[in-house]
Each structure stands twice: as structure tokens, then as C-alpha cells.
Amino acid sequence: MQPTILLIEDDDSTRFGFVRYFSTEGYQVSEASTLAEAAKAIAARTFKAIILDINLPDGNGIDFIAIARTHQPSIPIIVITGSGDIPLAVEAMRRGADNFLAKPVNNAALAVCLHKTIENSERKQQLLVKKNHGWRDGFYFGETVAMQEVLHLAQTSASNNNPVMITGETGTGKGMLARWIHRQSARAPHEFVGINCSGLKGEMLSRELFGNVRGAYTSANQDRKGLLDSADQGTLYLDEIGDMELATQSQLLKVLEEKSYRRLGDVELLKSNFRLICATHHDMEQLVEEGRFRQDLMYRINLLCITIPPLRERTDDIPALVSYLLHELGSSDAVITKDVMSILMAYSWPGNIRELKNVLERALLLSPRGSALSYPFFTVLESDQHQQKRHHPKTLQEMKEQHIKFALKLFGNDVEKAAKHLSISRSTIYRRLKQIEM
Ligand SMILES: Nc1ncnc2c1ncn2[C@@H]1O[C@H](COP(=O)(O)OP(=O)(O)OP(=O)(O)O)[C@@H](O)[C@H]1O
Ligand SMILES: [Mg+2]
């Protein structure tokens, strides 16, 4: 279909001339000779662009810019002013026109101007869409195909009530994505209740989930609500579900099957309508194979699985992510030199986005406000990268080991500092060291 432009011009002969010329250029032209006619036209349909004369019988053409924008906020508008009327042209641009030409207007010049203005406006639109694409309500999805798939699945999840499983390495944003899904879902006004299953051993996790009545166990001196109760109508987020003990797994399966539960020590059946989101950095299939996770439970919670790729597999997203994180850290004015950016893009980021955020936070502490972030600080990451390349780590395990060793070296074997740097617990470091020694 031919693009249609709206031509607002009161001089009949000029209008005829434009219409004839633009039809040979492949445009359709809708004509208006007054502001009133123009207002009617823009209300009735959409146009590709507007060519607007200033002196019209029923008013000033500049006033039409705002009217047009209420109908089509980003429509390209070219204003035609009297010869030498620069102040008017300036005023038109200030009011939101995209371009201006002074009379007498040459047809060919107007066609070139029109073409360029439309092209520019389309490019601006594309950039805007791109920008919005990366960021959606506080979560960075980015441009890579894998993350677009994550966005798609997350949106699907937000629109239904099925259980969701989120997998990904540490720091990839599993917890953040779970909250995002909750916020985008119809359950948003209700609670998002999260618990990490790896920290609670024995009956402790069941107590947290189900609650208890007074006297259910020795120290239970009062009735206590469980998380299932708080999550009613909302979302229950079970982090590190792979670490849940088998006994608790059976209890959870029962809740999912029967849609009801009992507080510990109680006979009364309670109901809770929660949406379940689970997360793990484990390979669930492997846990099932090893007999550490119930297969029937896995099938129930794994209906839809969202895998967030590690940061090193989406390095193209790093520059945009860095600017957002700097903004989040209150330092939008910090400068990242090209050299620093190339280090950031080459590094393997075993702690993913959390680690990137930590590194930026520390670099900010070391650099004066508003200046370029200190290059020497980042070279530490670079030397780590070279080391990794030399030793060619084959597996993720090896990579993690190397990374821990490196962090320990960096902080003079101070486990506390190394753990902080890697955003993992000290006990994880000790456990890994033991494994390395074995
Ligand atoms: N997509 C993202 N957009 C913005 N910030 C993010 C994103 N993903 C992660 N982050 C940042 O990284 C931090 C860690 O994210 P989160 O706690 O959700 O990771 P996780 O995958 O749950 O990690 P773990 O497995 O260690 O629990 C967040 O606090 C946030 O600052
Ligand atoms: Mg988490």
C-alpha cells in the first residue's frame, strides 16, 4: 500500500503542484486547506507524515503540531515557513516539528526532506523499541535470542497458574525473575513468599512451610502460621528446591496433589491457593537419577522450565547491562573506557550478574565520582582470564575451582574476602577446597 501523507496548505495552486509531484514519487496525499479540515483528517486515520503550512485561514499551523501528536505521538512533521522567517521555524521546532523548509519550496527538495525525516523517525522508533526490549519492569532481558525466549516463557508463566521451574547458574537472576513473574501476574496484589530450601535441614523446612500448632514439638509454645498460609492467593517461591530432603519432598507432593495441608500437630485440613515457582542450579534429571529427588515431584513442578543462560553466553548484553547497573548503583555518570569494557566482555563471570554488580560496586568505591572507572582494578579480571585460557578448563567444575583459587590468591588467602568477592558462602569455599584436595 502507498504511504499516505497529510498536506495542510491553503494555497490551491501550491497544493495541486505538491499532490501531482508526490503521486509520481509513490505517495498518496490527503489534502487539507484549513486547520479544521486537518484536525478532522488526523482524527479519522493515520498518516505516514505531515507537511504543514504555517499561515492558514483559521489559525496558526504551529498550533496543529500538538493536536497531531495527541493522535500520532511520533508522526514526522515538516513545517513550511515564509521566506526568512527563522524565528517561526525555531518556534515550530521547539513545539515538536521534525524539520522545516522556507518558501518558495522546490518539489524535489521537499521530497528529499520528507524522505529523510520519515527515515530518521523510523530509526528513532526502532531504537526506542530496542531500549524497551532490554528492560522490562526492572529486569534486564536483553537482546540475545536465548533471553528473548526467557522473556517469552516468563510472560506466558505470568498469564497462567502452572508451576514454573527456573534454572541457571548462581547470580543469573533466578530469584529476580521469580519476583518479576509474580509482579506481572494477576496474583501481584497478594504475597510473594520465598524460602531457600538448602538452609533448612530436617523438620525445620516443614515447620516453615506448614506452620504448627502449640505443642507440636518441644519448643512450639504457640500456634504458628506457615508460609503456605501466607502465600494463599499469591506466589510461593522455593529456592534451591534440589536441596530439599526426601521426606519434605513427599509432604510437598501431597500438598500439590491434594491442594490442602495440615499444620504440624494439627488435624484440621487447611487450603491454600498458591502459584508455585521453584529454582535450582542443579541438574534436576541428574538428582532424580541419583535418587536424591522424587521423579513424580519433579514432573509436577517442572511443567514449564525457564533456563537463564550464564552471562558469558550473552556478552553482547554486557554494555547495556553495565549502564543499567551503574544507574542502579546511583552512578550513571561513571565513565567506562573502551579498555575496561573489553575486559568486562572477555571475562567469564562465574558469579554472573551478581558478580558483575559487585565488581562495578567496588570499582566505584575506588574511583573518584564522575570519572573513568579505574583500569588497573579491572586488570585483575583480565589476568584471571589469561590464566583460564592457559589451563583450558574443560568443565564447569574446573572453571569454578580455578576461580576460587584465583580469588583466594587475589585476597591473600583471606577466605572471608574471597567469599565476598565471589558472592558465595565461606563454607562453599571450604567445601570446594576439600574437593580440590581430594
Ligand atoms: N536480569 C537482571 N536484571 C537486573 N539485575 C539482575 C538480573 N539478574 C540478576 N541481577 C542482579 O543480580 C543479583 C542476583 O540475582 P538473583 O539473586 O536473582 O540470582 P539467583 O540466580 O537467584 O542467584 P542464586 O542462585 O545465587 O540464588 C540481583 O540482586 C540483581 O542485582
Ligand atoms: Mg536466588
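The values are calculated or read from the model by the stated rules, or taken from the named source; none is laboratory data. It should be emphasised that the depicted structure is a prediction, and the values quoted were computed from it without experimental measurement. Every residue, glycine as well, gets a Cβ built from its backbone with ideal geometry; the counts of neighbours run over all protein chains shown.
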Where GLU289 falls short, out of the listed (1) crowded, with 21+ Cβ neighbours inside 10 Å; (2) away from ligand 1 (no atom under 16 Å from the Cβ); (3) over 24 Å from GLN233 (Cβ atoms): (1)
Count, please, the residues in the range 287-323 that happen to be within 23 Å of ILE166 (Cα to Cα) and touching a residue at least 40 places away in the same chain (Cβ under 8 Å). 23
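Results for (1) surrounded by fewer than 18 Cβ atoms within 10 Å (Cβ to Cβ); (2) under 26 Å from SER425 (Cβ atoms); (3) of a type in the set (Phe, Trp, Tyr); (4) within 14 Å of ligand 2 (Cβ to nearest atom), shown as yes or no for each residue.
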| site | (1), (2), (3), (4) |
| --- | --- |
| GLU169 | no, yes, no, yes |
| ALA186 | yes, no, no, no |
| GLY199 | yes, yes, no, yes |
| SER206 | no, yes, no, no |
| PHE210 | no, no, yes, no |
Within the range 94-133, how many residues are of a type in the set (S, T, N, Q), at pLDDT below 80 and surrounded by 11 or more Cβ atoms within 10 Å (Cβ to Cβ)? 1
Counting only residues in the range 143-160 that are more than 15 Å from ligand 1 (Cβ to nearest atom) and surrounded by 14 or more Cβ atoms within 10 Å (Cβ to Cβ), the one nearest to LEU297 (Cα to Cα) is identified as SER157
Could you grab me the full set of residues in the range 252-305 that are part of a loop (DSSP other than H, G, I, E, B), under 34 Å from the mean Cα position of the chain (by Cα) and of a type in the set (Gly, Ala, Ser)? SER272
